[in-house]
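I have placed the structure first, in the form of structure tokens, so that the comments after it can refer back to it.
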Amino acid sequence: MLRTRLLAGLQRRLKARSSDHAYAVSPAVKASVHKDGVVFLHSSKGAVFSANRVGSSMWQAICAGQTVDEMTVAISREYDAPAEIVGRDATNFVSDLVAEGILVRC
């Protein structure tokens, strides 16, 4: 069921409130979520990227259509971490995904 939700979520446009840009997952990217994190395969670049469990939680939040602010609150609670740090990390994670071509601006 989680895989089905993630695949459905990949087709949605994403909105990051902090930058007011809409994003979509690149059609060249496949993601595999597992218990230790997430792995991204960027087929057009021939590159593999990975993230730890926190990155996986962020990826799942992105796929669920959450904003960076919503993601920050949820992950801060999940990992009992300061919201300020999680918010900075979430913003950087989205920026990194864009920089690597995993997310594209619409």
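Nothing in this text is a laboratory measurement; each read-out follows from the coordinates by a stated rule. As the structure is a prediction and not an experimental result, all values here were calculated from the model. Positions of Cβ are generated from backbone atoms using ideal geometry, with glycine treated the same way; all protein chains shown enter the neighbour counts.
Could we say that ALA83 is more than 14 Å from LEU103 (Cβ to Cβ) and either touching a Gly at 6+ places or on another chain (Cβ under 8 Å) or surrounded by 14 or more Cβ atoms within 10 Å (Cβ to Cβ) (or both) here?
Yes: the conditions hold for ALA83.
Does region 41-79 hold any residues that are of a type in the set (Val, Ile, Thr) and more than 9 Å from the chain's Cα centre (by Cα), and which are they?
Correct list: VAL48, VAL54, THR67, VAL68, THR72, VAL73, ILE75.
If we keep just the residues of region 96-106 that are part of a helix (DSSP H, G or I) and either touching a residue at least 40 places away in the same chain (Cβ under 8 Å) or buried (at least 17 other Cβ atoms within 10 Å of the Cβ) (or both), which is farthest from the chain's Cα centre (by Cα)?
VAL98
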